[in-house]
1. Can you find, among VAL127, SER165, LEU181, the residue farthest towards the positive end of the dipole of the range 115-181? Put +1 on the C-beta of Lys and Arg, -1 on that of Asp and Glu.
2. For LEU250, list long-range residues whose amide hydrogen, built 1.01 Å from N in the peptide plane, is under 5 Å from its own amide hydrogen.
3. Between GLY35 and residues 5 or more places away or on another chain, which pairs have amide H atoms under 5 Å apart, with H built 1.01 Å from N, and which residues are they?
4. By a straight-distance test (C-alpha under 23 Å), which lysines pair with LYS206 as possible cross-link partners, with residues fewer than eight away in the same chain excluded?
5. Can you list the HN-Hα couplings for the range 48-58, worked out from phi with the Karplus curve (6.51, -1.76, 1.60; θ = phi - 60°), rounded to whole Hz and with x for Gly and Pro?
6. Based on the Cβ-Cβ distance of LYS210 and ARG254, what FRET efficiency does E = 1/(1 + (r/R0)^6) give at R0 = 25 Å, to the nearest 0.05?
7. If you take the alpha carbon radius of gyration of the range 66-126 and divide it by 2.2 N^0.38 Å, what ratio comes out, to two decimals?
8. Return the long-range amide H neighbours of ARG128 (sequence gap of 5 or more, or a different chain), with a cut-off of under 5 Å between placed amide H atoms.
Amino acid sequence: MLKAILLYLSRQKAIQGFMMNFGVTRRVVDRFVSGETLEDGLNAVRKVNAEGATATLDHLGEEVSEPEEAIAATEVYLDALDKINENGVDTNVSVKPTQVGLKVDKKLCEENFRKIIERARKYGNFVRMDMEGSDCTQDTLDVFYSLRNKYDNVGIVIQTYLYRSEKDVDDIQKLDGRIRLCKGAYKEPKEIAFPKKQQVDDNFVKLMEKTLVSGIYHGMGTHDEKIIQKTKEFAQEKNIPKQSFEFQLLYGIRTELQYQLLREGYNVRIYIPFGGQWYPYFMRRLAERPANLFFFLKNFFRG
């Protein structure tokens, strides 16, 4: 019930302004968001690179309603790719389709992604298309398939809480598409998504096994230690090298797990968000793990 409430609040613009200007919230946000500027994001990348991990940079923002906003967001990513190349840091970028125009015009979204992907290709870099709520899933995949037919440096995210995800994984792998598996962080109806956590976890493991044996370089986006352990055991059982896939973790969450995986010789990528539009992202992080909410409440009562 609490998770459902937090996910509902993540999409309520009426309280967003209050929360974003609330001092206690800002203190806690610093744990999950690298800062408001690209330079803040690059500094965080330098830090995780020094610790042995790679990164993916995410400029926070979603569900833009005007073409100008989508174009402006695209320019931020183009600048980010230029700066990544200039600074020699090891990071790619993740982009939310609604941030670059999916809900304005699908063709605009595809054109903006094309610009970002071509800039990344110029530098030998990679672009990940994030996955959002189920109302965007098919349109996001349509854009991905169109672009993947032209570019090999674009990947996508698949959420294991959706019933449709196994077929989507099969279709993407037919194109040698690279996938980041994650459980999913949006409130979805039981008609299209597994309602119980164990069902979501079981589907993650099922799709993990399907992707690891594909020979395609995929990412396992989870902090769930049971799923991580099952991934390790399956890879060992099937003689899948540690360097043929990666674990992807969120910035500021379970850093000790990051260090452990690196010590064990696994590839680790840290998802590093930056920017001023952090409210929806922050609320979804609170909804995902009780420990995150406890951290927020502890600081709230201190404030």
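1. VAL127
2. TYR271
3. GLY275
4. LYS167, LYS174, LYS183, LYS187, LYS190, LYS196, LYS197, LYS226, LYS230, LYS232, LYS238, LYS242
5. Once θ is set to phi - 60°, the couplings for the range 48-58 become 5, 4, 5, 8, x, 9, 8, 8, 9, 8, 10 Hz.
6. 0.50
7. It is 1.10.
8. Here the answer is VAL93, SER94, VAL95, GLY155, since their amide H atoms fall under 5 Å of that of ARG128.
Taken together, the values in this text are just the output of simple stated rules run on the coordinates, not laboratory data. Just so it is clear, the model here is predicted, and its values are computed rather than measured. FYI the Cβ positions are ideal-geometry reconstructions off the backbone, even for glycines, and counts take in every protein chain you see.
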